[in-house]
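Asks: One structure follows; several queries about it will come next.
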Amino acid sequence: VKTEAPPPALSDGWGAADDTKLTDLMVPKILLQQPLSGGVSAGVSRPGQFLDSIDGTVLADDKFPLRVIIFDSNRTVMTKTNGKFSGVEPVTEANKDLEWEERDAQGNEIKRTFFLNFFCLVLDAKDGLSFPYVWGCHGKSMSVAKRLLTAFARMKASGVPSAAHVYQVSSVQEKNDKGTYYVPVVTKFRDAKPEEIATARKWYDDIRSS
């Protein structure tokens with residue numbers, strides 16, 4: 001009697017990504033939605049929500065805050081030339097003091113946005129703790145990011161990694177003469193579990209070595 005082979009396992013993640021390196025992947029960004037954000041204009045998100053940049057999944061909103069473990073950071077600068085994206089590069093001694101807006105020798109309008117980026121694991125996201133995100137802070141969010149980085153520097157001085165805590169991230173609406181916008185609000189939620197810290201350390205090592 002001929003018997004059919006059992007169906008392939010569906011739970012061990014085998015497949016096309018088996019030999020994938022970190023440098024082959026796009027690390028998704030956490031996007032805080034603003035009134036003029038693309039997701040808001042398309043009707044798939046609301047101002048103040050946090051979205052996954054890859055598939056547009058809503059990661060958090062006013063009812064379900066974002067909870068993250070932050071394990072690394074870096075600084076980057078994004079440049080636009082005449083309104084068109086022209087590149088992102090690390091902040092260095094050579095570019096850290098460049099003007100935010102200027103014109104080059106050919107008369108092109110150059111605009112730069114400086115980011116303080118946090119690499120983090122998102123709790124309760126569809127990927128759980130299995131994949132990192134990048135949360136980029138700039139503009140009005142930069143003061144929040146600097147306060148958070150200061151807290152991490154104090155923790156480091158005491159021998160405590162930044163991944164030792166789970167932080168809750170929500171948003172609040174503010175106004176200025178140009179209109180309304182949203183900024184993040186960060187509070188400590190709880191201490192991270194040993195297995196969560198171990199996962200964060202693995203990703204820290206992988207990113208630093210890539």
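Asks: Please count how many residues of region 101-120 are of a type in the set (A, V, I, L, M, F, W, C) and open to solvent by 60 Å² or more (accessible area, probe 1.4 Å).
Replies: Going through region 101-120 one residue at a time, the tally reaches 1.
Asks: Can you tell me which residues in region 157-210 are touching a strand residue (DSSP E or B) at 6+ places or on another chain (Cβ under 9 Å), in contact (Cβ under 8 Å) with a residue 12 or more places away in the chain, of a type outside the set (Val, Ile, Thr) and closer than 25 Å to Val40 by Cβ?
Replies: Matches in region 157-210: Tyr167, Gln168, Ser170, Ser171, Gln173, Glu174, Tyr181, Tyr182, Pro184.
Asks: Here are Leu66, Leu32, Leu98: which of them is at pLDDT 90 or above and either more than 25 Å from Ala151 (Cβ to Cβ) or polar (S, T, N, Q) (or both)?
Replies: Residue meeting the stated conditions: Leu98.
Yes/no matrix, rows are residues, columns are (1) surrounded by 20 or more Cβ atoms within 10 Å (Cβ to Cβ); (2) part of a loop (DSSP other than H, G, I, E, B):
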| residue | (1), (2) |
| --- | --- |
| Met26 | no, yes |
| Ile30 | yes, no |
| Gly39 | no, no |
| Gly43 | no, yes |
| Pro47 | no, yes |
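Asks: To continue, here is another question. In region 186-199, which residues are open to solvent by 60 Å² or more (accessible area, probe 1.4 Å) and among the β-branched types (Val, Ile, Thr)?
Replies: Once the filter is applied, which keeps residues that are open to solvent by 60 Å² or more (accessible area, probe 1.4 Å) and among the β-branched types (Val, Ile, Thr), region 186-199 yields only Thr187.
Asks: Let me ask another. Taking the stated definitions as given, is Thr113 within 25 Å of Pro47 (Cβ to Cβ) and without any contact (Cβ under 8 Å) to a residue 60 or more places away in the chain?
Replies: yes
Asks: Same structure again: In region 174-185, what residues are within 20 Å of the chain's Cα centre (by Cα) and either of a type in the set (A, V, I, L, M) or surrounded by fewer than 12 Cβ atoms within 10 Å (Cβ to Cβ) (or both)?
Replies: Of everything in region 174-185, those that are within 20 Å of the chain's Cα centre (by Cα) and either of a type in the set (A, V, I, L, M) or surrounded by fewer than 12 Cβ atoms within 10 Å (Cβ to Cβ) (or both) turn out to be Val183, Val185.
Asks: Filter region 76-90 down to the residues that are among the aliphatic types (A, V, I, L, M) and either surrounded by 13 or more Cβ atoms within 10 Å (Cβ to Cβ) or not in a strand (DSSP E or B) (or both) and list them by number.
Replies: Val77, Met78
Asks: Restricting the search to region 49-71, which residues are open to solvent by less than 20 Å² (accessible area, probe 1.4 Å) and either touching a Leu at 6+ places or on another chain (Cβ under 6 Å) or assigned to a strand (DSSP E or B) (or both)?
Replies: Those that are open to solvent by less than 20 Å² (accessible area, probe 1.4 Å) and either touching a Leu at 6+ places or on another chain (Cβ under 6 Å) or assigned to a strand (DSSP E or B) (or both): Phe50, Leu51, Asp52, Ala60, Leu66, Val68, Ile69, Ile70, Phe71.
Asks: Same structure again: Which pairs have Cβ atoms under 9 Å, sit 6 or more apart or on different chains, and link a residue in region 140-156 that is open to solvent by less than 70 Å² (accessible area, probe 1.4 Å) to one that is at pLDDT 95 or above and acidic (Asp, Glu)?
Replies: none
Asks: Go through region 171-206 and give me each residue that's in a strand (DSSP E or B), under 18 Å from Val68 (Cβ atoms) and touching a Phe, Trp or Tyr at 6+ places or on another chain (Cβ under 9 Å).
Replies: Ser171, Val172, Pro184, Val186, Thr187, Lys188, Phe189
Asks: Here's another thing I want to ask about it. Report, by residue number, each residue of region 162-173 that is open to solvent by 20 Å² or more (accessible area, probe 1.4 Å) and in contact with a helix residue (DSSP H, G or I) (Cβ under 7 Å, 6 or more places away or on another chain).
Replies: Listed by number, the list holds a single entry, Ser162.
The values are calculated or read from the model by the stated rules, or taken from the named source; none is laboratory data. Everything numeric in this text was worked out from a predicted model, so none of it was measured. Neighbour counts run over all protein chains shown; Cβ positions are idealised from the backbone, glycine included. Side chains included, ligands, DNA and RNA excluded: accessible areas come from the protein's heavy atoms. Shrake-Rupley method; radii C 1.70, N 1.55, O 1.52, S 1.80 Å.
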